[in-house]
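For reference, the structure discussed in these notes is given below.
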Protein chains: 2
Amino acid sequence: MSEFDIIREVFAPLGASAREDTIIGIGDDAAVLAPPPGAEIVMAMDVLNEGIHFPVATPAHAVGHKSLAVNLSDLAAMGSRPLWFTLGLSLPDGDTDWLRDFAHGLGSLAAEHNITLVGGDTTRGTRSIAVNVCGAVSPGRALTRGGASAGDIVCVTGPLGEAGLALDALNQPASYSQAEIEILNQSLNYPTPRVATGLALSGIASAAIDISDGLAQDLGHVINASRVGAVIRVADIPLGDVYANRVDEIGYETAVTFGDDYELLVTVPESRLDQAISAVVATSGTLVPIGHVTDGSTVSFVDSNGRELPVSGGFDHFKSN
Amino acid sequence: MSEFDIIREVFAPLGASAREDTIIGIGDDAAVLAPPPGAEIVMAMDVLNEGIHFPVATPAHAVGHKSLAVNLSDLAAMGSRPLWFTLGLSLPDGDTDWLRDFAHGLGSLAAEHNITLVGGDTTRGTRSIAVNVCGAVSPGRALTRGGASAGDIVCVTGPLGEAGLALDALNQPASYSQAEIEILNQSLNYPTPRVATGLALSGIASAAIDISDGLAQDLGHVINASRVGAVIRVADIPLGDVYANRVDEIGYETAVTFGDDYELLVTVPESRLDQAISAVVATSGTLVPIGHVTDGSTVSFVDSNGRELPVSGGFDHFKSN
């Protein structure tokens, strides 16, 4: 199956339901696109490599979903509306079945978010997926990492740590029931980009980031960019059922340090917290306060008694009590 | 060297000389960009994989140049002005020297074309470079593959085939002098994206494509998209000195079928050919007529006597006489 066959047969349908602002889509040297009048363009590129970002055994449909989801998550973290994406796909061979499943996973999520595939490249190589997404935001309304102020409330948009437990379950399947493993794999393979939540928080939140590298590390990016500190109440971090059932045993370390959940971490001025929660709930999302911003320069994680928890060597000994 | 170290130390300088239309560049979840008022956005992504698109021994500086050049070539083929790019870089390890040389090659070409790195991803994996470029074009002025009409003149912007000879020289170094090998490697490793030429031809040319897969194949894309045919006078195809010195021996096959030259193939209405050539020469480029568009549906390659040359199995027996 040649590169041109792949483009035509598998990916052309993804661009077929083109947005009206797609003047020229797949099939020329480049796409030609009409940006929304007066809007700013938001752009991000994330790469997923087999064996690094997803286990080799990951279903192709999930790889398709996730490769777009992690990028939509970046658009969400900026409070922007998805527009277009390009795809750079390296494959070891013309594995038609893999490719069709991949395209279905990618296409389903793209349709859900009304984002159109407008071009890219399919080529031979170790399996690797590069996706470049573009979104739109009203001028000056993009959510950044740098806007948090002392007193702001730190919130997350959903449970953390289940993607991390999914990898633990790969190594120790006997520790989990089959039903639990399915729930965890869903979290790992099919993260939900919080696009509607990000849009709802545009103009309300003071800062935002998506949690791809773990709460601790990504919160670190926010406090560094904002030149503030933060205190996180570990017991307030939302957990899924599988995690909650074993948190007494395993503690909060995975929820705090493991990434791949793609929830948003946002800061909201305290006076606008109710407004923020209402706006998010109106889009069927959730917004859970887990701490606050300080005028310091570091992050403290505290237990329910306000006692600071030890943080050493990447939270190696991070436990809830 | 962590991903964050790589981003900061090597790539941040590439985004430092940010264009004024880069509102937020490297360092947040996504870039925020102000599109030129009233312009359309042109977007393309090409991926280069080590061992597939460039030999393993290729200097990192050349890989950096070429990974951007092949994308700028797509912007050129649309007649658009470069604006921004993102970079998805997979590396087997944190090879700092390789990375710095790569960044220098990339940065030099970026500076030359005033295109700014605004984001991307650096990660572990088999060495692979995905670049997504954005350009601007006045509404309706993009050059496409689909605008050629019968009677138009087919032109190319420079010599073809030397990138192909460079690979031949890798396999048969004894057939070439050291000076010739250096010239050929320059053609292969440092293709010149014809950005100024593409811009000069916007509004004049009827169709354009960049020659990445070879004249025969890329001209095929133009005639299919335009629903026309073409006749190419093989002896008029411009050749570099190294190629010209052995064309009697090796024929035109490499110039016709091998890609990687990244010259533009354009069609120009006959009445505007002089205007097109003048516009290109004014940007220090060249525009060489090599044939014309017909009302057929196939491409013929003819010798200097107008006799059709045999085309069999991908031009296996393609000779000049």
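FYI, it's all coordinate maths here, none of it is from the lab. Bear in mind that the values here come from a model prediction, so they are computed numbers and not experimental data. Note: ideal-geometry Cβ built from the backbone for every residue, glycine included; neighbour counts use all protein chains shown.
Once the label point is placed 7 Å from Cα along Cβ, list for residue B:278 the distances to the corresponding points in the other copies, in nm, shortest first.
When each copy's label point is compared with this one, the spacings are 6.7 nm.
Please state the shape class of segment B:181-321: rounded when a/c is under 1.5, otherwise prolate if a/b exceeds b/c and oblate if not, all from the C-alpha gyration tensor. Walk me through the numbers on the way to the answer.
Details: a/c = 1.66, a/b = 1.11, b/c = 1.50.
It is oblate, given that a/c is not under 1.5 and a/b is not larger than b/c.
If you count the DSSP beta bridges with both ends in the protein assembly as shown, what percent of them are antiparallel, to the nearest 5?
Details: 82 of 108 bridges.
So the antiparallel bridges amount to about 75 percent of the total.
Can you tell me the alpha carbon radius of gyration of the protein assembly as shown divided by the globular rule-of-thumb value 2.2 N^0.38 Å?
On the way: Rg = 26.5 Å, N = 642, 2.2 N^0.38 = 25.7 Å.
The reported ratio for this selection is 1.03.
Sorted from shortest, what are the nm distances separating the label point of residue B:140 from equivalent points in the other copies, each placed 7 Å from Cα along Cα to C-beta?
3.4
Under a Cβ-Cβ cut-off of 12 Å, what is the net charge of the residues other than residue B:288 that fall near it, where Lys and Arg count +1 and Asp and Glu count -1?
Counting the neighbours of residue B:288, the net charge comes to -1.
Report the local net charge at residue A:298: Lys and Arg +1, Asp and Glu -1, summed over other residues whose C-beta lies under 13 Å from its C-beta. Working shown, then result.
Numbers: positive: A:227; negative: A:295, A:308.
Result for the local shell: -1.
What is the Rg over Rh value, at two decimals, for segment B:1-108, using alpha-carbon atoms and the Kirkwood definition of Rh? Write out the running numbers ahead of the final one.
Working: Rg = 14.8 Å, Rh = 15.2 Å.
Here Rg/Rh amounts to 0.97.
Could you work out, residue by residue across A:78-91, how many beta carbons of other chains sit within 10 Å of that residue's beta carbon, and then give the average as an integer? Kindly include the intermediate steps, with their values, before the conclusion.
On the way: counts 6, 1, 3, 0, 0, 1, 2, 3, 8, 4, 11, 3, 9, 0.
Other-chain Cβ atoms within 10 Å of each residue's Cβ, averaged: 4.
Express the relative contact order of chain B as a whole percentage, based on alpha carbon pairs under 8 Å and six or more residues apart in sequence. If you can, show how the numbers build up before the last one.
Values: 724 pairs, mean separation 69.7, N = 321.
Computed value for chain B: 22 percent relative contact order.
Take every residue in peptide B:129-138, count the Cβ atoms of other chains within 10 Å of its Cβ, and give the average of those counts.
Details: counts 2, 15, 5, 15, 3, 7, 2, 1, 3, 0.
Partner Cβ neighbours, averaged per residue: 5.
Output the peptides A:67-74, B:194-201 sorted from most to least packed, where packing is the average of other Cβ atoms within 10 Å over each peptide's residues. Before the final figure, lay out the partial values.
On the way: A:67-74: 27.6, B:194-201: 25.9.
Per-residue Cβ counts within 10 Å, averaged per peptide and sorted highest first, yield A:67-74, B:194-201.
Would you mind getting me the FRET efficiency between residue A:281 and residue A:245? Use the beta-carbon distance for r and R0 = 35 Å, nearest 0.05.
It comes out at approximately 0.85.
Evaluate the charge dipole of chain B about its Cα centre and quote only its size in Debye, nearest 20, assuming +1 on the Cβ of each Lys and Arg and -1 on the Cβ of each Asp and Glu.
On the way: 16 positive and 39 negative charges, 140 e Å.
Result for chain B is approximately 680 debye, rounded to the nearest 20.
With the Cα gyration tensor of chain A giving a ≥ b ≥ c as the square roots of its eigenvalues, does the rule (a/c under 1.5 for rounded; else a/b larger than b/c for prolate; else oblate) give rounded, prolate or oblate? Mind showing how you got there, number by number?
Numbers: a/c = 2.35, a/b = 1.36, b/c = 1.72.
Since a/c reaches 1.5 but b/c is at least a/b, the shape of chain A is classed as oblate.
Suppose each label sits 7 Å from its Cα in the direction of the beta carbon; what would the residue A:20-residue B:56 distance come out to in nanometres?
According to this spin-label approximation, the distance is 5.4 nm.
At residue B:300, with labels set 7 Å past Cα in the Cβ direction, how many nm apart are the copies from this one, shortest first?
So the distances to the same position in the other copies read 8.6 nm.
Projected onto the charge dipole of segment A:130-241 (+1 at Lys/Arg Cβ, -1 at Asp/Glu Cβ, origin at the Cα centre), which of A:160, A:137, A:239 gives the Cα projection farthest towards the positive end?
Ranked along the dipole, the leading option is A:137.
For peptide A:117-125, compute the average count of partner chain beta-carbon atoms within 10 Å of each residue's beta-carbon. Don't skip to the end; give the middle numbers.
Working: counts 0, 4, 7, 7, 11, 1, 8, 5, 12.
Mean partner-chain Cβ count within 10 Å for A:117-125: 6.
May I ask what percent, to the nearest 5, of DSSP beta bridges between residues of segment B:153-302 are antiparallel? If you can, show how the numbers build up before the last one.
On the way: 16 of 20 bridges.
Around 80 percent antiparallel, to the nearest 5.
Compare the Cα positions of A:108, A:91, A:206 along the charge dipole of chain A (+1 at Cβ of Lys, Arg; -1 at Cβ of Asp, Glu; about the Cα centre) and return the one farthest towards the positive end.
A:206
Arranged from highest to lowest average of other beta-carbon atoms within 10 Å per residue, in what order do the peptides B:123-131, B:163-171 appear? Please report the intermediate quantities before stating the final value.
Numbers: B:123-131: 24.0, B:163-171: 19.4.
Ranking, from highest mean packing down: B:123-131, B:163-171.
Under 10 Å from the Cβ of residue A:115, count the other residues' Cβ atoms, weight Lys and Arg +1, Asp and Glu -1, and hand me the total.
+1
So what's the gap between the Cα centers of segment B:28-49 and segment A:77-92, to the nearest angstrom?
Segment B:28-49 and segment A:77-92 have Cα centres spaced 11 Å from each other.
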